[in-house]
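**Student:** Let me begin by handing over the structure; questions about it come next.
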Amino acid sequence: MAKYRLDYIWLDGYEPVANLRTKCQMKDFDNEPTLADLPEWGFDGSSTLQAEGGSSDCILKPVASYPDPTRENGILVLCEVMNPDGTPHPSNHRAGILDDEGTWFGFEQEYFLMQGGRPLGFPEGGYPEPQGEYYCGVGFKNVGSIGREIADIHLDLCIAAGINHEGINAEVASGQWEFQIFGKGSKRAADQIWVARFLLQRLCEEFEVDVEYHCKPLKGDWNGSGMHANFSTEHMRSTGGKDYFLKLMDAFEKNTAEHIAAYGPDNHLRLTGLHETQSIDKFSWGVADRGASIRVPHSFVKEDAYKGYLEDRRPNSQGDPYQIASRILKTIGEVATA
């Protein structure tokens with residue numbers, strides 16, 4: 001029998017952006033525990049805006065587990081928050097997703113690394129060189145040292161934890177980075193984004209650096225941060241067709257307001273029609289157009305097949321991937337494939 005450290009991870013009740021919370025317990029197991037072996041656990045919901053003090057117990061229900069790459073016999077336990085009667089808590093947006101393993105999601109998580117109240121690379125009381133050479137940049141003046149070190153270590157931690165981390169790059173502003181997560185099934189993809197965020201934030205504690213997910217932390221002529229959602233269904237990948245694609249775009253346009261509501265707060269600061277965005281009150285699609293709401297890859301329209309994946313560029317970096325994926329699935333579900 002061995003003693004395992006179980007780090008339970010959940011989302012609190014703060015709005016409009018939930019925070020990651022965690023606590024650990026030590027438990028003995030004869031063999032390495034599977035998800036089914038991990039017990040439910042309680043916590044004080046009155047300290048996380050999820051319950052009143054007079055009836056404060058909330059339940060943590062394990063829904064995914066990952067080996068903790070920082071220690072032996074450590075497991076990261078991602079949980080849904082449940083009421084004591086077993087029903088999903090109102091803050092639990094994962095429980096209501098109509099998941100489909102045939103729907104694939106790739107999320108591009110952008111973020112800023114902040115130290116001393118300013119992005120890495122920003123001099124005290126001033127600004128670095130304007131945007132231009134930072135994107136996928138190389139060299140100290142473009143990306144510094146600590147930012148790349150954090151991004152590289154984070155990639156390795158995610159891979160060791162079994163997260164389908166697909167890559168990293170420096171982004172268009174100093175101190176801004178991106179990582180990509182891909183998953184077959186909306187819950188799997190969204191779960192892994194949240195655990196990847198957890199690993200990044202925990203790692204940055206060691207560097208005395210904060211992760212800033214706000215979609216427009218810098219005013220002025222600087223790009224905001226997004227979490228572009230690449231998605232496809234079995235029908236889109238295998239059948240496709242221009243008629244279906246146009247119906248799908250009509251459905252996305254009809255539900256523009258509903259998508260914006262699910263895509264993260266303060267998006268009006270980012271979706272201005274500038275800095276590779278469409279205006280928040282408009283919907284458009286275009287082949288290879290990073291200023292459109294939906295970017296259509298060249299591969300999608302190759303030989304007029306209209307097959308493959310699409311990129312919704314409107315979700316922002318603070319967005320909840322559960323709510324983003326759920327909204328995309330609902331809109332896709334409105335379009336008949338027959």
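The values are calculated or read from the model by the stated rules, or taken from the named source; none is laboratory data. Since the structure is predicted, the reported quantities are computational estimates derived from the model, not experimental observations. Note that we place each Cβ from the backbone using ideal geometry, even for glycine, and neighbour counts take in every protein chain shown.
**Student:** How many of the residues in segment 95-145 are at pLDDT 95 or above and among the aromatic types (Phe, Trp, Tyr)?
**Tutor:** 5
**Student:** Oh, and also: Kindly establish whether GLU110 is among the acidic types (Asp, Glu) and within 30 Å of THR239 (Cβ to Cβ). It would help to see each step written out before you state the result.
**Tutor:** Details: among the acidic types (Asp, Glu): yes; within 30 Å of THR239 (Cβ to Cβ): no.
Answer is no for this residue.
**Student:** Find the residue count for segment 33-69, including only residues that are over 23 Å from GLY183 (Cα atoms) and either among the hydroxyl-bearing types (Ser, Thr, Tyr) or without any contact (Cβ under 8 Å) to a residue 12 or more places away in the chain (or both).
**Tutor:** Of the residues in segment 33-69, 10 are over 23 Å from GLY183 (Cα atoms) and either among the hydroxyl-bearing types (Ser, Thr, Tyr) or without any contact (Cβ under 8 Å) to a residue 12 or more places away in the chain (or both).
**Student:** Is it true that some residue in segment 38-61 is part of a strand (DSSP E or B) and either among the aliphatic types (A, V, I, L, M) or under 24 Å from CYS215 (Cβ atoms) (or both)?
**Tutor:** Checked segment 38-61: at least one residue is part of a strand (DSSP E or B) and either among the aliphatic types (A, V, I, L, M) or under 24 Å from CYS215 (Cβ atoms) (or both).
**Student:** Here is a follow-up. Condition check: within 22 Å of the chain's Cα centre (by Cα), crowded, with 22+ Cβ neighbours inside 10 Å, among the hydroxyl-bearing types (Ser, Thr, Tyr) and modelled with pLDDT of 95 or more. Does TYR263 satisfy that? Full working, then the answer.
**Tutor:** Numbers: within 22 Å of the chain's Cα centre (by Cα): yes; crowded, with 22+ Cβ neighbours inside 10 Å: yes; among the hydroxyl-bearing types (Ser, Thr, Tyr): yes; modelled with pLDDT of 95 or more: yes.
Judged against the criteria, TYR263 is a match.
**Student:** Counting only residues that are touching a residue at least 24 places away in the same chain (Cβ under 8 Å), give me the helices (runs of 4 or more DSSP H) lying completely in segment 222-338 with at least 3 of them.
**Tutor:** 234-238, 242-254, 256-262, 321-333
**Student:** Check whether at least one residue in segment 80-97 is over 17 Å from the mean Cα position of the chain (by Cα), of a type in the set (A, V, I, L, M, F, W, C), surrounded by 12 or more Cβ atoms within 10 Å (Cβ to Cβ) and under 20 Å from ALA160 (Cβ atoms), and report yes or no.
**Tutor:** No, because not a single residue in segment 80-97 is over 17 Å from the mean Cα position of the chain (by Cα), of a type in the set (A, V, I, L, M, F, W, C), surrounded by 12 or more Cβ atoms within 10 Å (Cβ to Cβ) and under 20 Å from ALA160 (Cβ atoms).
**Student:** Another question, then. Among the candidates ILE163, ILE193, ILE153, which residue alone is part of a helix (DSSP H, G or I) and surrounded by 19 or more Cβ atoms within 10 Å (Cβ to Cβ)?
**Tutor:** Details: ILE163 fails: part of a helix (DSSP H, G or I); ILE153 fails: surrounded by 19 or more Cβ atoms within 10 Å (Cβ to Cβ).
The unique qualifying residue is ILE193.
Condition check ((1) among the hydrophobic types (A, V, I, L, M, F, W, C); (2) in the same structural domain as GLY264 (by TED's automatic domain parsing); (3) in a loop (DSSP other than H, G, I, E, B); (4) touching a strand residue (DSSP E or B) at 6+ places or on another chain (Cβ under 9 Å)) across all residues:
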residue: ILE168; (1), (2), (3), (4): yes, yes, no, yes
residue: GLN180; (1), (2), (3), (4): no, yes, no, yes
residue: ARG202; (1), (2), (3), (4): no, yes, no, yes
residue: HIS214; (1), (2), (3), (4): no, yes, yes, yes
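**Student:** Considering segment 266-290 alone, what residues qualify as being of a type outside the set (Asp, Glu), more than 21 Å from the chain's Cα centre (by Cα) and closer than 20 Å to GLY106 by Cα?
**Tutor:** We begin by selecting, within segment 266-290, every residue of a type outside the set (Asp, Glu); these are 267-275, 277-280, 282-288, 290.
Subsequent filtering for residues that are more than 21 Å from the chain's Cα centre (by Cα) retains 272-274, 279, 282-288.
Scanning segment 266-290 gives TRP285, GLY286, VAL287, ALA288.
**Student:** Related question: Could you please find all residues in segment 280-332 being of a type in the set (Val, Ile, Thr) and within 19 Å of ILE97 (Cα to Cα)? Quick ask: steps written out before the conclusion?
**Tutor:** The initial filter retains those residues of segment 280-332 that are of a type in the set (Val, Ile, Thr), namely 280, 287, 294, 296, 301, 324, 328, 331-332.
Matches in segment 280-332: ILE324, ILE328, THR331, ILE332.
**Student:** I would also like to ask the following. When segment 4-56 is examined, which residues are found to be closer than 19 Å to PRO67 by Cα, surrounded by fewer than 19 Cβ atoms within 10 Å (Cβ to Cβ) and touching a helix residue (DSSP H, G or I) at 6+ places or on another chain (Cβ under 8 Å)?
**Tutor:** Of everything in segment 4-56, those that are closer than 19 Å to PRO67 by Cα, surrounded by fewer than 19 Cβ atoms within 10 Å (Cβ to Cβ) and touching a helix residue (DSSP H, G or I) at 6+ places or on another chain (Cβ under 8 Å) turn out to be LEU20, THR22, PHE29.
**Student:** Name the residues in segment 196-251 that are in contact with a Gly (Cβ under 6 Å, 6 or more places away or on another chain) and closer than 19 Å to VAL17 by Cβ, would you?
**Tutor:** Listed by number, the residues that qualify are CYS215, LYS216, MET227.
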